[in-house]
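Engineer: Structure provided below as structure tokens; questions to follow.
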Amino acid sequence: MPTSETVDAVDALLSLQEVDEEIDRRRERLESLEPELSDRRQHVQELENRAQELRSRVEEAESQLRQRERTVKAARETLKRLRKKADDVQSMKQHKAVRKEIISAEENLDSSEDDVLDAMQEVETLRSRLSDVEEELEEEREDYEAAEADVATSRDELEEEIEGWKEKKRVLEEQIEDRLLDAYRKIRRGTTESALAPLTPDGVCGHCFTFVPPQRRSEIRSGEKLHTCEGCGVILYPPSREEDEDDDG
Ligand SMILES: [Zn+2]
């Protein structure tokens with residue numbers, strides 16, 4: 001039977017591994033928080049850009065509308081002036097010439113008024129699109145702020161939990177001899193797979209099935225000493241460990 005010291009060491013290492021997995025899971029969750037938020041922030045930013053672009057298009061359209069209104073006003077004045085002139089002319093020839101100018105000015109006014117209506121339509125369309133985007137932006141901003149608050153809460157919770165698990169980790173690490181702790185750390189750095197494996201009844205590594213030399217094998221089995229696998233580096237523990245665990249329930 002393995003010595004109780006070895007059993008304790010294996011227990012401590014397995015517990016340490018569980019603790020490290022708890023910490024890893026929380027760190028992964030922490031790392032996933034920021035990207036989720038940044039997607040939302042990007043969406044808000046896109047909407048802000050669209051709203052900004054629409055605002056300047058509205059301004060342009062309004063400025064064009066004012067310009068066309070001035071054109072209409074000028075066309076009306078021209079027409080008024082021509083009509084007055086028509087009243088004053090003496091000869092038929094002059095009258096005909098003014099008449100021609102009036103027709104042309106009337107056409108001019110009609111077309112200017114059409115331009116004003118077009119410009120008004122354009123302003124209205126753009127304002128309505130802007131208002132839709134601003135509404136959507138408002139909602140997205142609120143959602144983003146809520147998500148940001150959630151993320152802050154989750155982050156605090158996760159960090160607090162990690163601190164708790166780190167404290168457990170420190171206690172466990174004190175119970176493990178340096179040689180084993182080094183071996184454990186080395187393998188945990190390289191992979192997220194188990195850092196421990198049982199020696200199989202056939203005497204090979206339970207993780208990578210590499211042959212374990214007889215001397216080491218018997219030391220592991222007797223619980224005299226724990227060794228790492230020469231193939232994959234995991235810490236090998238006595239095969240009876242698993243039966244012990246079953247017995248313990
Ligand atoms: Zn191995």
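Engineer: Ratio of alpha-carbon Rg to the 2.2 N^0.38 Å globular estimate for region 1-136, to two decimals, please.
Structural biologist: That works out to 2.69 for region 1-136.
Engineer: In addition: How far apart, in nanometres, would the label points at Gln90 and Arg70 be if each is projected 7 angstrom from Cα along the Cα-to-Cβ direction?
Structural biologist: 3.9 nm
Engineer: Tell me the mean residue ellipticity at 222 nm calculated for the chain from its helices only (DSSP H runs of n ≥ 4, each -39500 (n - 2.57), averaged over every residue, nearest 500).
Structural biologist: -29500 deg cm²/dmol
Engineer: Could you size up the charge dipole of the chain around its Cα centre, putting +1 on the beta carbon of Lys and Arg and -1 on that of Asp and Glu, and report it in debye to the nearest 20?
Structural biologist: It works out to roughly 2720 debye.
Engineer: Across the chain, how many lysine pairs, 8 or more positions apart or on different chains, have C-alpha atoms separated by under 19 Å? Please give the number.
Structural biologist: 13
Engineer: Two decimals, Cα atoms only, Kirkwood Rh: what is Rg/Rh over the chain?
Structural biologist: 1.61
Engineer: Also, I was wondering about something else. For region 24-98, count all C-alpha to C-alpha pairs, find those more than 21 Å apart, and express that count as a whole percent of the total.
Structural biologist: 66 percent
Engineer: Sorted from fewest to most neighbouring beta carbons within 10 Å, what does the list Thr153, Thr71 look like?
Structural biologist: Result, fewest neighbours first: Thr153, Thr71.
Engineer: Could I ask something else about it? Using the Cα centre of the chain as origin and beta-carbon charges of +1 (Lys, Arg) and -1 (Asp, Glu), tell me which of Ile220, Ser15, Pro238 is placed farthest towards the positive end of the dipole.
Structural biologist: Ser15
Engineer: Treat the count of other C-beta atoms within 10 Å as a stand-in for reagent exposure and order Tyr144, Tyr184, Tyr237 from fewest to most.
Structural biologist: Fewest-to-most ranking of Tyr144, Tyr184, Tyr237: Tyr144, Tyr184, Tyr237.
Engineer: Now, a different point. So what's the convex hull volume per residue for the Cα atoms of region 78-206, in Å³?
Structural biologist: Dividing the Cα hull volume of region 78-206 by its residues yields 261 Å³.
Engineer: Where does region 165-218 land on Rg/Rh, using Cα atoms and the Kirkwood Rh?
Structural biologist: 1.05
A short reminder: the numbers here are calculations on the coordinates, not readings from a lab. Since the structure is predicted, the reported quantities are computational estimates derived from the model, not experimental observations. Here the Cβ is made from the backbone with ideal geometry for all residues, glycine too, and neighbour counts use every protein chain on show.
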